[in-house]
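Encoded as structure tokens, here's the structure I'll be asking about.
The values are calculated or read from the model by the stated rules, or taken from the named source; none is laboratory data. What you see is a predicted model, and the numbers here were worked out from it, not measured in a lab. So basically every Cβ, Gly included, is an ideal-geometry build from the backbone, and we count neighbours across all protein chains shown.
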């Protein structure tokens, strides 16, 4: 987004943005560029209801669910931290 302050590293493969755009708008911008967005620091509005990361496609989400079930069947470790329903 043009109004956000940007820092580019990893030869352009990683961009850090600081701005006031809603999480959904930043995720759409990243997706349109072939990437994804992860929230590192929440503003006054707090963490968005849909989590800190761009939701993965259904196949990847299924893999995450199976791994979580195998390694943390009681859901003790960071429930909902990466994705709201994990």
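Which numbered condition in (1) at pLDDT 85 or above; (2) in contact with a helix residue (DSSP H, G or I) (Cβ under 7 Å, 6 or more places away or on another chain) is the only one that residue 78 fails?
(2)
Only one residue in 55, 22 is surrounded by 14 or more Cβ atoms within 10 Å (Cβ to Cβ) and at negative phi, so which one is that? Quick ask: steps written out before the conclusion?
On the way: 22 fails: surrounded by 14 or more Cβ atoms within 10 Å (Cβ to Cβ).
Of 55, 22, the one residue that is surrounded by 14 or more Cβ atoms within 10 Å (Cβ to Cβ) and at negative phi is 55.
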